[in-house]
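K.L.:
Shown below is the structure under consideration.
The values are calculated or read from the model by the stated rules, or taken from the named source; none is laboratory data. No experiment lies behind these values; they were computed from the predicted model shown. Cβ placement follows ideal geometry from the backbone for every residue including glycine, while neighbour counts extend to all protein chains displayed.
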Ligand SMILES: Nc1ncnc2c1ncn2[C@@H]1O[C@H](COP(=O)(O)OP(=O)(O)O)[C@@H](O)[C@H]1O
Ligand SMILES: [Mg+2]
């Protein structure tokens with residue numbers, strides 16, 4: 001659910017209006033709605049005739065002319081609060097405004113919308129975009145194994161793995177599958193895209209993972225565009241609980257679209273100077289995207305060695321971003337998995353790297369899908 005949520009703010013007091021705009025827009029997930037549009041949320045300041053105003057607001061809610069309504073008032077009292085509740089108003093903010101209360105109310109709205117969307121499709125539709133700060137940092141290894149572990153956890157639901165690396169895609173090799181189709185075929189037939197077409201185009205691994213590789217050559221296939229990715233991933237969201245994307249190092253329009261649509265963006269880096277410099281540049285580029293919010297980013301240090309020249313602390317300071325996760329260095333196991341085309345949890349279930357990736361996968365499960373919370377850091381907290 002990363003489409004922006006549109007808000008209309010109605011207040012005769014320009015100071016309050018500005019303050020509400022500042023608080024809501026600071027979250028990055030909201031935009032101000034155009035006059036004629038149906039807003040997902042109306043924040044309304046009550047004036048001198050609350051009885052009429054409540055009637056009007058109630059009719060807007062009932063006719064679905066607005067998504068939800070929050071109100072604020074200069075003179076809050078219990079009676080107003082009760083009337084607001086009866087009119088179907090979700091939140092009441094007394095003045096002076098408390099930014100934290102408003103932000104919590106907005107977060108709850110985001111959650112309600114997400115739950116409603118999941119309910120509609122019956123699928124969780126979570127996109128996890130995995131990208132590297134450099135080539136060779138382990139992006140594909142992490143995307144493939146995360147997807148395989150999630151697919152193996154029956155409680156996680158259905159899982160898809162998509163390769164964005166046109167020509168350089170390697171997912172089929174990592175998993176010894178020989179897919180017949182790739183997303184280039186779908187891109188050329190977008191008008192036919194529906195559940196049946198999508199499912200037929202994807203390869204299925206024995207563990208249940210659905211795989212959509214990239215074209216291995218460009219001949220005749222339309223190159224990926226932001227529109228193609230939006231349609232494709234939009235369809236996938238209605239059919240899968242998790243969609244893991246191997247985004248390589250791309251920051252082109254299709255990759256940006258995927259980033260915009262993703263719940264989590266995992267940026268893979270190493271504890272090396274060139275990699276951290278690139279990481280800084282990627283982070284800067286992401287921060288410049290209108291649709292990007294930092295809370296969706298998880299910076300991951302791969303090939304972590306306790307005795308490295310650079311410490312995790314130094315790396316964090318250098319890129320000015322908290323490291324969300326680190327994955328131990330294990331060249332032998334990862335290389336053997338790649339060369340044999342077997343995922344890590346089949347090849348070496350007891351290896352530290354496999355256990356580490358299993359905990360990482362666990363961090364993406366919803367509370368209802370897992371028995372216990374991960375022991376590691378909270379997810380992007
Ligand atoms: N945690 C790790 N420890 C040691 N080697 C790793 C690790 N993760 C990946 N590798 C190795 O790094 C190389 C590149 O991995 P790959 O996943 O293809 O990276 P990318 O997709 O970023 O180019 C492979 O040889 C792989 O075995
Ligand atoms: Mg790769």
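K.L.:
Test residue 258 against the stated conditions and say whether it is within 22 Å of residue 150 (Cβ to Cβ) and in contact (Cβ under 8 Å) with a residue 60 or more places away in the chain.
P.N.:
Details: within 22 Å of residue 150 (Cβ to Cβ): yes; in contact (Cβ under 8 Å) with a residue 60 or more places away in the chain: yes.
So residue 258 passes the test.
K.L.:
Go over the candidates 298, 248 one by one and state the one that is on the phi > 0 side of the Ramachandran plot and touching a residue at least 24 places away in the same chain (Cβ under 8 Å). I'd like the intermediate steps shown before the answer.
P.N.:
Numbers: 298 fails: on the phi > 0 side of the Ramachandran plot.
Answer to the selection: 248.
K.L.:
Being more than 15 Å from ligand 1 (Cβ to nearest atom), under 30 Å from residue 327 (Cβ atoms) and outside the structural domain of residue 354 (by TED's automatic domain parsing): is that true of residue 90 here?
P.N.:
On the way: more than 15 Å from ligand 1 (Cβ to nearest atom): yes; under 30 Å from residue 327 (Cβ atoms): no; outside the structural domain of residue 354 (by TED's automatic domain parsing): yes.
No; evaluated as a whole, the condition is false for this residue.
To keep it simple, each residue is scored yes or no on (1) at pLDDT 95 or above; (2) touching a strand residue (DSSP E or B) at 6+ places or on another chain (Cβ under 9 Å); (3) over 23 Å from residue 320 (Cβ atoms); (4) part of a strand (DSSP E or B).
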residue: 245; (1), (2), (3), (4): yes, yes, yes, yes
residue: 258; (1), (2), (3), (4): yes, yes, yes, no
residue: 277; (1), (2), (3), (4): yes, no, no, no
residue: 283; (1), (2), (3), (4): yes, yes, no, no
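K.L.:
Can residue 149 be described as away from ligand 2 (no atom under 15 Å from the Cβ) and assigned by TED's automatic domain parsing to the domain that holds residue 327?
P.N.:
Details: away from ligand 2 (no atom under 15 Å from the Cβ): yes; assigned by TED's automatic domain parsing to the domain that holds residue 327: yes.
It is true that residue 149 is away from ligand 2 (no atom under 15 Å from the Cβ) and assigned by TED's automatic domain parsing to the domain that holds residue 327.
Matching residues to (1) over 22 Å from residue 362 (Cα atoms); (2) more than 16 Å from ligand 2 (Cβ to nearest atom); (3) more than 23 Å from the chain's Cα centre (by Cα):
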| position | (1), (2), (3) |
| --- | --- |
| 157 | no, yes, no |
| 165 | yes, no, no |
| 228 | yes, yes, no |
| 240 | no, yes, no |
| 244 | no, no, no |
| 255 | yes, no, no |
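K.L.:
Need at least 2 residues that are touching a helix residue (DSSP H, G or I) at 6+ places or on another chain (Cβ under 9 Å) and within 16 Å of ligand 1 (Cβ to nearest atom) per element, so show me which helices (runs of 4 or more DSSP H) inside the range 110-212 make the cut, counting only ones lying wholly within it.
P.N.:
139-152, 171-175
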